[in-house]
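Right, one structure below, let's go through it.
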Amino acid sequence: MKKRVAILISGSGSNMEALVRAMARPDYPAEPVLVLSNRPHAGGLARAEALGVPTAVVDHRPFGQDRAAFEAALNEALEAARPDILCLAGFMRILTGGFISKWRGRMLNIHPSLLPRYRGLDTHARAIAAGDRQAGCSVHEVTAELDGGPVLGQARLDIRPDDTPETLAARVLKLEHRLYPLVLERFARGRRERIDLAVEG
Ligand code: GRF
């Protein structure tokens, strides 16, 4: 039986698309059952529809500061799709401990840095400013600590002398599209050993 996967997005959904395309392989151990966005106009929603994946929107704005009520609505939409695994893919809301403990062990996130370096935002600018030689991305299990759960896979590349945060982000994003489907595939088979990919240049 394939694992049922819900993907949570807020933006353009390029990682979502990479996951959905990988899951189309007959031997892939998971299938997409829902793409959910907290932003009604996220570009990823149209992409998901074009790929034939059911979509849902739970807009966070009407809930204001009431994160518990937002997450209750999120859970309701998710549970209707009966996912086994949640993949956060550019989902730009901080989740509370209640939501995370409910899905603990079943929720992955992709983050554009070599964790534990650069949790949070502006990761590429911070890596360049620090003079790092390498940058990359990490897929990790989601725990209560922001961008802090166990790392299941990383992909890395060399930072070029002329890289800007934008050029670096574009190259790392391509790596994200390779790494996330590989990690999800293993995770869906119940395997937790870490994947490391290194790319020249
Ligand atoms: C990616 O860089 C991801 O690592 C970060 O947000 C971005 C989402 O891009 N969390 P997309 O929506 O998948 O194109």
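Overview of results
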quantity: Condition met for Gln154 (in contact with an Asp or Glu (Cβ under 9 Å, 6 or more places away or on another chain) and either assigned by TED's automatic domain parsing to the domain that holds Glu71 or open to solvent by 20 Å² or more (accessible area, probe 1.4 Å) (or both)); calculated: no
quantity: Condition broken by Arg171, with the remaining ones in (1) touching a residue at least 40 places away in the same chain (Cβ under 8 Å); (2) open to solvent by less than 60 Å² (accessible area, probe 1.4 Å); (3) basic (Lys, Arg) satisfied; calculated: (1)
quantity: Criterion: open to solvent by 20 Å² or more (accessible area, probe 1.4 Å), of a type in the set (Ser, Thr, Tyr) and without any contact (Cβ under 8 Å) to a residue 40 or more places away in the chain - qualifying residue of Thr143, Thr164, Thr123; calculated: Thr164
quantity: Among residues of region 90-107, those that are of a type in the set (Gly, Ala, Ser), in contact (Cβ under 8 Å) with a residue 40 or more places away in the chain and over 19 Å from Leu34 (Cα atoms), counted; calculated: 2
quantity: Subset of region 9-34 (residues that are open to solvent by less than 50 Å² (accessible area, probe 1.4 Å) and within 11 Å of the ligand (Cβ to nearest atom)); calculated: Ile9, Ser10, Gly11, Gly13, Ser14, Asn15, Met16, Glu17, Ala18, Leu19
quantity: Counted residues, region 53-101 - those being open to solvent by 40 Å² or more (accessible area, probe 1.4 Å) and under 21 Å from Ser12 (Cβ atoms); calculated: 7
quantity: Residues of region 75-85 classified as in contact (Cβ under 8 Å) with a residue 60 or more places away in the chain and either in a loop (DSSP other than H, G, I, E, B) or not small (Gly, Ala, Ser) (or both), total; calculated: 5
quantity: Considering residues of region 30-59 that are in contact with a Ser or Thr (Cβ under 9 Å, 6 or more places away or on another chain) and in a loop (DSSP other than H, G, I, E, B) only, the residue nearest to Leu78 (Cα to Cα); calculated: Val58
quantity: Which listed residue, of Cys137, Cys87, is within 13 Å of the ligand (Cβ to nearest atom), closer than 20 Å to Asn38 by Cβ and not polar (S, T, N, Q); calculated: Cys87
quantity: Every residue from region 90-113 that is within 12 Å of the ligand (Cβ to nearest atom) and either more than 22 Å from Glu71 (Cα to Cα) or not β-branched (Val, Ile, Thr) (or both); calculated: Gly90, Phe91, Met92, Arg93, Leu108, Asn109, His111, Pro112, Ser113
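The values are calculated or read from the model by the stated rules, or taken from the named source; none is laboratory data. Here the structure is a predicted model, which means the values were calculated and not measured. Positions of Cβ are backbone-derived with ideal geometry, glycine not excepted, and every protein chain shown enters the neighbour counts. What goes into the accessible areas is simple: the full protein's heavy atoms, side chains included, and nothing from ligands, DNA or RNA. Shrake-Rupley method; radii C 1.70, N 1.55, O 1.52, S 1.80 Å.
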